[in-house]
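Engineer: The structure under discussion is supplied below as structure tokens; questions concerning it will follow.
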Amino acid sequence: MPKQRKKNVPSGNKQFSQNRRKKQRNLILIIAAAVIVLAAVGLFLFFRFRTFSSYKVLTRLELSNTDEQTKLFEYNGGFVRSSSEGVTYFDSKGIHWAESFEMTQPLTAVSGAYFAAADMKGKDIFLYDVSGLANRITLSHNITDLEVSDQGIVAAATNDGDSNYIEVVDKEGNELVTAKSVFASSGYLTDIALSSDGSKLVAAYVYVSEGTLESKVVFYDFSSGNGGEDMVVGGFNQYESTILTSIRFMENGKVCVVGDNAISIYDFNGIPELVYENLDLGQEIQSIFFNKKYLGMVVEDEEGEENYCLKVMDMKGKEVFSKGFDFAYNKVLFAGRNILLYSGSDCEMYSFSGVKKMEMDMEDAVFAMSYCGKGTEFVLASSSDTEFIRLK
């Protein structure tokens, strides 16, 4: 039987078939990549524009809150709660320590591993570390403002009815600095801010000049240890018809000074230097709030259709966010790159991109609420208990 010859495939047809299979594979890969990209974009848009209206309770602590003076501060991986009844350090695992004492108008400050509390116009400062009460420090005059550093150095603004005092003590209560200024010549001390290392302090004063209220800001550097006039390294008094109300040390040595109608940003890495200033905002400031990077404020929305306007500014004076809103808020604060507002049991939250991220009615009145620093988790102190929650 004769042998059959193998049929030879023309090389051109073979090459065509290989090219076609290659194109098919490439097309499949392109379609798969497109599906993945579209899914990723869809998820990104979903999470960016999603509005949360409910939450899941992760942990509930039997820690009730009795008044609207309750505040929450991030502290050593957990939180410190202060109120007119005392202070408590806790995290999602439970209460680490609690100290009960009465405060009519609580003054509080936290930095690093230290937390300080005092009663307005009292003379006692309660200084805490992660183990509990570290020291009870008694000053000579009535306390009107309180600051603490990472090392436990405490600075207090005090007065005796005729003069202001800036009293700085170490964590053992030893006097480091006492600066006195008389009301009649220097004005009334309205606010102080202490650097995280305790070496620098900024103070705001309000005084009367030719029948008009004016303000000034004074910069102190304690690092030389000489005391006296050598501590004063700068002063600015351009605040005509302005009452300076708040000072805050920000990151990288920046200092933010806010008045009723003015904002100034200084660099205090050496001799204080003005970085940005607006002495006539043109809008009345309703509230201010800070984190290490940004200044936030609520102003009247005179030109828009809303009652209020949220604004966020960086430490170069650049506005990074602006959003009108109508919510009748009671408290406002940063929550990561979001702004949280709440009043009673109602809460709203906006992202820096202007998206409303949360709108909900909590089960109980919220006395204090704070961001946990990850995802959508928060801690809230209500009239009935304290809960760690996750938005859903």
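The values are calculated or read from the model by the stated rules, or taken from the named source; none is laboratory data. This structure is a prediction, so every number in the text was calculated from the model and none was measured. Quick reminder, even Gly has a Cβ in these numbers, built from the backbone with ideal geometry, and neighbours come from all protein chains shown. In case anyone asks, the SASA skips ligands and DNA or RNA and just uses the protein heavy atoms, side chains included. Shrake-Rupley method; radii C 1.70, N 1.55, O 1.52, S 1.80 Å.
Engineer: Over what distance in Å are the Cα centres of the stretch 88-161 and the stretch 304-345 separated?
Structural biologist: Each part's Cα centre sits 29 Å from the other's.
Engineer: Bin all alpha-carbon pair distances of the chain at 10 Å intervals from 0 and give each bin's fraction as a whole percent.
Structural biologist: Result returned by the calculation: 4, 19, 26, 23, 11, 4, 3, 3, 3, 2, 1, 0, 0.
Engineer: Write down the accessible area per residue of the chain in Å², having rolled a 1.4 Å probe over the full set of protein chains.
Structural biologist: I get 52 Å² per residue for this part.
Engineer: So which of K93/K356; K293/K356; K254/K374; K216/K254; K123/K311; K254/K311 end up more than 28 Å apart by C-alpha? Mind dumping the intermediate values first?
Structural biologist: On the way: K93/K356 31 Å; K293/K356 22 Å; K254/K374 26 Å; K216/K254 17 Å; K123/K311 37 Å; K254/K311 19 Å.
In this structure, K93/K356; K123/K311 lie more than 28 Å apart at Cα.
Engineer: So how tilted is helix 11-49 from the main axis of the chain? Cα-based, degrees 0 to 90, rounded to 10.
Structural biologist: 30
Engineer: How far apart, in nanometres, would the label points at S345 and Q151 be if each is projected 7 angstrom from Cα along the Cα-to-Cβ direction?
Structural biologist: A separation of 4.9 nm, rounded to one decimal place.
Engineer: Sticking with this one: Could you name the lysines whose alpha carbon sits less than 25 Å from that of K23, not counting residues in the same chain fewer than 8 places away?
Structural biologist: K14
Engineer: Let me ask something else. What is the list of residues in the stretch 309-334 whose amide nitrogen lies under 14 Å from a point 7 angstrom out from the Cα of N252, following Cα to Cβ?
Structural biologist: Residues 314-318 qualify, since their backbone N sits under 14 Å from the label point.
Engineer: Return the sequence-ordered ³J(HN,Hα) values of the stretch 129-142 in whole Hz as given by the Karplus equation 6.51 cos²θ - 1.76 cosθ + 1.60 applied to θ = phi - 60°, using x for Gly and Pro.
Structural biologist: With the stated coefficients, the stretch 129-142 comes to 10, 5, 8, x, 5, 8, 6, 10, 10, 10, 9, 8, 9, 6 Hz.
Engineer: Further question on the same structure: Which trypsin sites (Lys or Arg not before Pro) from the stretch 344-380 combine a DSSP loop assignment with at most 12 other Cβ atoms within 10 Å? Don't skip to the answer; put the middle values down first.
Structural biologist: Details: sites: K356, K357, K374; in loops: K374.
The qualifying sites are K374.
Engineer: Between Rg and the Kirkwood Rh of the stretch 94-197, both from Cα atoms, what is the Rg to Rh ratio?
Structural biologist: Numbers: Rg = 13.6 Å, Rh = 13.9 Å.
With Rg and the Kirkwood Rh in hand, the quotient comes to 0.98.
Engineer: Sticking with this structure for a sec: Say each of D230 and K93 gets a label point 7 Å from the Cα, pointing the same way as Cα to Cβ; how far apart are those two points in nm?
Structural biologist: With each label point 7 Å from Cα toward Cβ, the separation is 4.7 nm.
Engineer: Along Cα→Cβ, 7 Å out, is where each label goes; now give me the distance between the ones at I271 and E359 in nm to one decimal.
Structural biologist: For the pair I271/E359, the computed spacing is 5.4 nm.
Engineer: For K357, go through the aspartates and glutamates and keep the ones whose alpha-carbon is under 15 Å away, minus same-chain ones fewer than eight residues off.
Structural biologist: Within reach: D346, E348, E377.
Engineer: Using +1 at the Cβ of each Lys and Arg and -1 at the Cβ of each Asp and Glu in the chain, identify which of F79, S224, L244 lies farthest towards the dipole's positive end.
Structural biologist: Looking along the dipole axis, the top candidate is F79.
Engineer: Can you tell me how much longer the chain between S196 and R337 gets when fully stretched, taken as 0.36 nm per residue apart minus their C-alpha distance, in nm with one decimal?
Structural biologist: Working: separation 141, 0.36 × 141 = 50.76 nm, distance 2.28 nm.
Length gained between S196 and R337: 48.5 nm.
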